[in-house]
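Structure record follows, encoded as structure tokens.
The values are calculated or read from the model by the stated rules, or taken from the named source; none is laboratory data. Small disclaimer: the values here were computed from a predicted structure and weren't measured. With ideal geometry, Cβ positions are generated from the backbone for all residues, glycine too; neighbour counts draw on all protein chains shown.
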Amino acid sequence: MGETGFARFDADERLVWANAAFAARFAVAGDATLDGLLGSLLGGAIADLRRGRPMISGLPDGSAVTLALGSGGAGEWLLTAVEAAVAGIPAERGPWAKTSSVLDCLSQGVMAFDRDLRLVAWNRRVLELLYIDPGFPRYAQPYEAVVRHIAEQGGYGRGNVDDLVAQRLHHIRKAPWPFYNERVRPDGVIIETVTLPLPDGGFVTTYTDITRRKQAERELASSRDLLEQAIRAAREGISQWDLHGGEVWFSPQWWGLLGYSEAEMDNSRRRWEELLHPQDRDAALEMVEELATGRRSESRQLQRFRHRSGQTIFLETRVLAVAGNDGRIVRIVGAHTDVTESVHAAEAVRAARDEAERALQDLKEAQVQLIQAEKMAALGSLVAGVTHEINTPVGIALTGASLLAEKTRALRHLFEAGSLRRGDFADYIDIADEATQLMLLNIERATRLIQSFKQIAVDQASEERRVFELNQYIHEILRSLGMRIRRSGHSVEVRCPDGLTLDSYPGAFGQILTNFVINSLLHGYEPGVRGRLTVTVTATGGEVELVYSDDGRGIPADLHGKIFEPFFTTSRDRGGSGLGLNIVYTLVTRTLRGRLRLESEPGAGTAFTLRFPRVTPADPLPL
């Protein structure tokens, strides 16, 4: 092959074109590939050629060629083949002229010396890399002169020029062939040198600027080290599933999560299935199948594994499908995090929440029972009031009936004795008339009281809705509490329009007013202090405003937000349950569908303002 051979390969490394010299020398076919051709020529040295190092290959006919591989545009490759005798060590200047154009096309610097260490070949790139003055090199120039020129130009760094030259001469004479070297120029550029022997003596050296490659390697190593440190710090396990070979791999950190050392690692699918909880195995394999077939690109599962200690640990597994150049899924990679503590904490929270919900339900049931007990206590107070109020009219009626019976017996005795006089009969008639009038009045009063108390008791016990006259109902409620009010010495004033009717729940209204009054009697006044209780009612449109107030000692501001809370009381030592005002708030807002506002200051009394509709909407809210 007297002339240079060229072959071009596409991005997939398939042969696209070769000149006649190349095709004749290597007999390449149309389906040739770069790997196949280089493998037959260089064997295991392909990697060096791909890194930009020219390589010499012997051919079956006993000749040798120098191969150089360069990258073209769009990922293409250009392979150059030059006969070794032409490329490096000619006996005269002529052959060098044939190869100078080829060498100048290379991205690497090239310099060749014959067996007598005379310069026989170079290109422009080597002059740039080694700080050689373009006008300095000439054919058959001694190696020592070239080295000295480079040293004087600073190409070898600081030092005595004679010493630097002596070191290079000693190295070139004693170094084994071939040999590789790296050196750093004073400006930081890293140059890789590859020196190869030539068949008839001498050597050829290529010079490659590998600064970017070294920087990339350092960055890659730094990134890999950083990733490994981050994985260790995060205690993340890493896995990989090769879908072609069926091999699985788990990182030492993954095994560490399960309590195993690196010596105990068994990266096999069988071992993985043994450690995976049986109930999670089908779901895990289904996830792998979905990723392998492309139905999903990523997935996440909470998986249970058996720890070396026998305990169950929870790993949050996040997996990703990785496709090859042809778009098919070739592997599945995953990251695994130990979330056992989080899972146990969540289970504890759920258990605590369930327990709290049960406790809340029990509390609601207890509150309902206490509210019912509070209602029954109010009815008990009503019964006591009824007893006291009815005692007076019934006692008067009984006195009248006793007097009438006594006068009747006396009249009968006179009549039977025949001594009845007209005057005696007239006295009896007067007494009988007076006694019967007194009896009728008091019995009617007792009847009205009984009917009133009966209606209030029915209202509070049944919680039925009906139409009632508000002013009259207020007075009936206050009469039922009359004994307690009079015993305390307080006075009550009611200002309510006559004829104001409500379509609502009188039982709820009665319980609200009863609790207000009893609350004032128990908490509103110091012992022995007499006060005034006031009920003021106004109606505006379809809404009623009722203001209940007392002139007692008031409520401190820091308690305003608590008095409507269940079980809050300042008189628990005197039997207070803390449910009175909570019941009031519930009845106002839910049963009457109204609003409740408190106004109070220490020493200035207390006022509760209720606003509610005259006609309560159907179906009251549940308590």
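If I ask for residues that are at pLDDT below 80 and of a type in the set (G, A, S), which ones from region 156-193 would you list?
Scanning region 156-193 gives G157, A175.
Kindly provide the set of residues from region 256-270 that are part of a helix (DSSP H, G or I) and within 14 Å of R304 (Cα to Cα), ordered by number.
L257
Does any residue of region 235-251 turn out to be within 29 Å of the chain's Cα centre (by Cα), modelled with pLDDT under 90 and either at positive phi or not in a strand (DSSP E or B) (or both)?
Checking region 235-251: at least one residue is within 29 Å of the chain's Cα centre (by Cα), modelled with pLDDT under 90 and either at positive phi or not in a strand (DSSP E or B) (or both).
Residue-wise test of (1) over 30 Å from L587 (Cα atoms); (2) modelled with pLDDT of 75 or more.
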position	(1), (2)
N391	yes, no
S402	yes, yes
A405	yes, yes
I431	yes, yes
M439	yes, yes
N442	yes, no
A461	no, no
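So A348 clears everything in (1) among the hydrophobic types (A, V, I, L, M, F, W, C); (2) over 29 Å from H244 (Cβ atoms); (3) assigned by TED's automatic domain parsing to the domain that holds E274; (4) without any contact (Cβ under 8 Å) to a residue 24 or more places away in the chain except one condition, right? Which one?
All conditions are met except number (3).
Collect the residues in region 318-341 that are in contact (Cβ under 8 Å) with a residue 24 or more places away in the chain and closer than 18 Å to F305 by Cα, keeping them in residue-number order.
Matches in region 318-341: V319, G334, A335, H336, T337, D338, V339, T340.
Checking H149 against (1) at pLDDT 85 or above; (2) exposed (fewer than 12 other Cβ atoms within 10 Å of the Cβ), which test does it fail?
Evaluating H149 over (1) at pLDDT 85 or above; (2) exposed (fewer than 12 other Cβ atoms within 10 Å of the Cβ) leaves (2) as the failure.
Quick one: in region 34-54, which of the residues that are closer than 21 Å to R14 by Cβ and of a type in the set (A, V, I, L, M, F, W, C) is modelled with the lowest pLDDT?
The selected residue is L42.
Can you tell me which residue is surrounded by the fewest Cβ atoms within 10 Å (Cβ to Cβ) among those in region 391-441 that are of a type in the set (S, T, Y) and over 23 Å from R479 (Cβ atoms)?
The residue in question is S419.
With among the charged types (D, E, K, R), touching a strand residue (DSSP E or B) at 6+ places or on another chain (Cβ under 9 Å) and outside any strand (DSSP E or B) as the only criterion, which of R173, R138, R183 stands out?
R138 is the lone residue from the list that is among the charged types (D, E, K, R), touching a strand residue (DSSP E or B) at 6+ places or on another chain (Cβ under 9 Å) and outside any strand (DSSP E or B).
Counting only residues that are among the hydrophobic types (A, V, I, L, M, F, W, C) and within 16 Å of T80 (Cβ to Cβ), which one in region 19-31 is surrounded by the most Cβ atoms within 10 Å (Cβ to Cβ)?
Restricting to residues being among the hydrophobic types (A, V, I, L, M, F, W, C) and within 16 Å of T80 (Cβ to Cβ), the top hit is F22.
Of everything in region 99-128, what is surrounded by fewer than 20 Cβ atoms within 10 Å (Cβ to Cβ) and assigned to a helix (DSSP H, G or I)? Give them in sequence order.
Passing the criteria: S100, S101, D104, R124, L127, E128.
Can you tell me how many residues in region 258-305 are among the polar types (S, T, N, Q) and free of Cβ contacts under 8 Å to residues at least 12 places away in the same chain?
Of the residues in region 258-305, 1 are among the polar types (S, T, N, Q) and free of Cβ contacts under 8 Å to residues at least 12 places away in the same chain.
In region 524-565, what residues are assigned to a loop (DSSP other than H, G, I, E, B) and aliphatic (A, V, I, L, M)?
V529, I555, I563 - these are the residues of region 524-565 that are assigned to a loop (DSSP other than H, G, I, E, B) and aliphatic (A, V, I, L, M).
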